[in-house]
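Enquirer: Before I ask anything, let me first share the structure, which is written out below as C-alpha cells.
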Amino acid sequence: MSGHLPTTSVTADYAQRVSDDLSANRSEQERVRAELARLQDELVRLEESEQVLTKMQEVLGGTAKRVAKQSMGRKTAAAPAPRRSGSKTAAGKSAAASGRRTPKKAASPKKAASPKKLGEPTWLELTTSYLAGQSEPKSAAEVAASLTEAHSERAVQVTVVRNTLEQGVAQGLLERSKQGRSVFYSPASAAPVPSAS
C-alpha cells in the first residue's frame, strides 16, 4: 500500500502543474494579444502620420522628387504628424496618446491645402480600379510600380499605396491575404466581410 500513495501524489502534482502551466499559457496569450492589438493600433497611427507627411511633401515640393525630399527634411520637422491628421478622431487619439492637445490654429489652415487636383482620381480609386483588373492578388510594391507606370505625372510612393490599400481593406473594398511574410491585396468578394483591424 505504501507504493500506491506516492504514485497518486505524483500524479496529482503533475496534474496541478499542467493545470497551472495551462492557466499561465492562456494568460500569456491574452497579454500577447493585447500587446499585439496595441502595436497594430500604433502602426496604423504611424502609417496615417506617414501618409499625411507624404501628402504634405507632395504639396510643398510639387512633383519634382528632389525638391520634395529636401522639403520633407526641412518642413515636416516643424509640424508633427499627429497634429496634421485629416480625421478628427485620429488627431484626438494621437494627441491623447502623446499627452498634447491638437492646436486648432495649426490644423485649420493646412486643411484648406489639398494635394489632390480637381478631376484627379484619389489613390483609393486608382488602387481599387487597378486591382479590379487583375487576375491574382498583388503586393503593395507591385501596385505602386504599376501606378507609377500608368500615372508618371504623380509621385507614387509604396508607403502611400500600402496605406491606401489598408484603407481599402478597412472599408471592405479590398481583401488582404498573407503568404509567408508577404501581404497581397485583391478586390473584395461580392459580400464584403468587416475588417478586424
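Bear in mind these aren't lab numbers, they're just calculated from the coordinates by the rules spelled out. These numbers come from a predicted model, not from an experiment. So basically every Cβ, Gly included, is an ideal-geometry build from the backbone, and we count neighbours across all protein chains shown.
Enquirer: Using label points projected 7 Å from each Cα along Cα→Cβ, tell me how many nm separate residue 11 and residue 37, to one decimal.
Expert: Using points 7 Å along Cα→Cβ, the separation is 4.1 nm.
Enquirer: Could you check the spin-label model distance between residue 136 and residue 189? Points 7 Å from the Cα along Cα→Cβ, value in nm.
Expert: Result: 2.1 nm between the two label points.
Enquirer: Around residue 35, what is the net charge, scoring Lys/Arg as +1 and Asp/Glu as -1 over all other residues with Cβ under 13 Å from its Cβ?
Expert: Working: positive: 31, 33, 38; negative: 28, 30, 41, 42.
Local charge sum for residue 35: -1.
Enquirer: Follow-up. Mind checking the stretch 141-175 for GluC sites (Glu not before Pro) that DSSP puts in a loop (not H, G, I, E or B) and that have at most 13 other Cβ atoms within 10 Å?
Expert: On the way: sites: 142, 149, 153, 166, 175; in loops: 153.
Loop-located and lightly packed - 153.
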